Amino acid sequence: MLRPTVLALLLLTAPLTSAPAQVGYPPERSPYRDLEFKQEFSLITGWYAAGRDPVGIAPRSGPIFGARYEVRVGGPAQFTVRLAKVLSDRRIVDPTRPQATRFLGTESWPLYLGDLSLTLNLTGQKSRRRLVPVLNSGIGLIGDFHGADVGGFRIGSQFAFSFGAGVRWVPGGKWQVRADLADYLYQITYPGSYALPASDSTSVLGGRSASAWKHNAALTIGGSYLFFR
C-alpha cells in the first residue's frame, strides 16, 4: 500500500515543481534586449514645419539637417546635445511703404538650432522587440546669423524651449535608426518700425502685439553610431 501512495503523491506534485519554469520568457525568446552602449552619435535630416507668426514675415518651413549626441547619465536618462540647420526663407517687407507695395519678395534666411535636453528611454536600458520609445525636453538657442533686413527685422539669438518624442530601432551591433518629432518654441520680436504708419496710414503690425511666441515642429530621421559600453 505504501508504494502506490508514494507514486500518487509524486504524480500530484510533479506539475507544481515544474511550474516555475513556465513563468516569463526563456532568455532566447524574451522581447527585451539590454542596451549595451552608453553613447551615440547621430546624423539627422527631415522637415521643419514653421508655425505662422501673426504678421507672416518669420522664417518659413524647410528641410532640416544636423547632428545629435547622447550619453547615458543614469537609469533610463540620457543627456542630449543637438545642433541643426534649417534651409528656410522669409517674406521681406518695407514698413515705410504703403500696404500695396510693402511686400518686396522672399529671401533665403537659414535658421540655426541648438539645444541641450534630457531624454528618457520609456523601456529603461532595454529595447522591446528592438524598439526604444523616448521622450525629451530641454532648452537652447535659435538664431539666424543674418543682418537686419530693410525694415530692421532679424531673429538674432533667441532662447528656445524644446519638447519631443521619438523611437529608436536597435537591431544589434553598433548601429541604430531613429525617428524623432520635436517642437521648438521661441519668441518673435518685431522692430519698432513695424508699428509706425506709412503714407497710407497703415502699419505692418496693424495694432497687433510687438512680439509673439511660435511653435515649430521638426520631424527627423537619422542613423546612429553607438560606442563605449
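None of the figures in this text is laboratory data; all of them are computed from the coordinates on show. It should be emphasised that the depicted structure is a prediction, and the values quoted were computed from it without experimental measurement. For neighbour counting, all protein chains shown are included, and Cβ atoms are generated from backbone atoms with ideal geometry for every residue, glycine included.
Summary of packing: across the peptides 208-221, 50-63, the per-residue average of other C-beta atoms within 10 Å ranks them, highest first, as 50-63, 208-221.
Computed about the Cα centre, the dipole magnitude for the chain is approximately 800 debye when only Lys and Arg (+1) and Asp and Glu (-1) carry charge, each at its Cβ. Annotation for Leu120 and Ala179: the two label points, set 7 Å from Cα along the Cα-Cβ direction, are 2.3 nm apart. Would you calculate a helix-derived [θ] at 222 nm for the chain, using -39,500 (n - 2.57) for each DSSP H run of n ≥ 4 and dividing by the full residue count, to the nearest 500? Value at 222 nm, helices only: -2500 deg cm²/dmol.
Placing pseudo-labels 7 Å out from each Cα toward the beta carbon at Ala67 and Leu141 gives an inter-label distance of 1.8 nm. Note: relative contact order over the stretch 108-200, using C-alpha pairs below 8 Å and six or more positions apart, is 25 percent.
Hey, what angle do you get for helix 2-18 against the long axis of the chain, alpha-carbon based, 0 to 90 degrees rounded to 10? Roughly 10 degrees, rounded to the nearest 10. Packing, taken as the mean count of other beta carbons within 10 Å per residue, orders the peptides 149-159, 110-120 from highest to lowest as 110-120, 149-159.
The alpha-carbon atoms of the stretch 78-126 define a convex hull whose volume equals 124 cubic angstrom per residue.
If R0 is 22 Å, the Cβ-Cβ spacing of Ala210 and Phe163 corresponds to a FRET efficiency of close to 0.30.
Pairs of Lys residues in the chain that lie 8 or more places apart, or on two chains, and have C-alpha atoms under 20 angstrom apart add up to 4.
Taking a point 7 Å out from the Cα of Thr106 in the direction of its Cβ, the residues of the stretch 193-229 whose backbone N falls within less than 20 Å of it are 215-219. Of Asp200, Asp94, Asp183, the residue with the greatest mean-square motion in the GNM of the chain, using alpha carbon springs below 10 Å, is Asp200.
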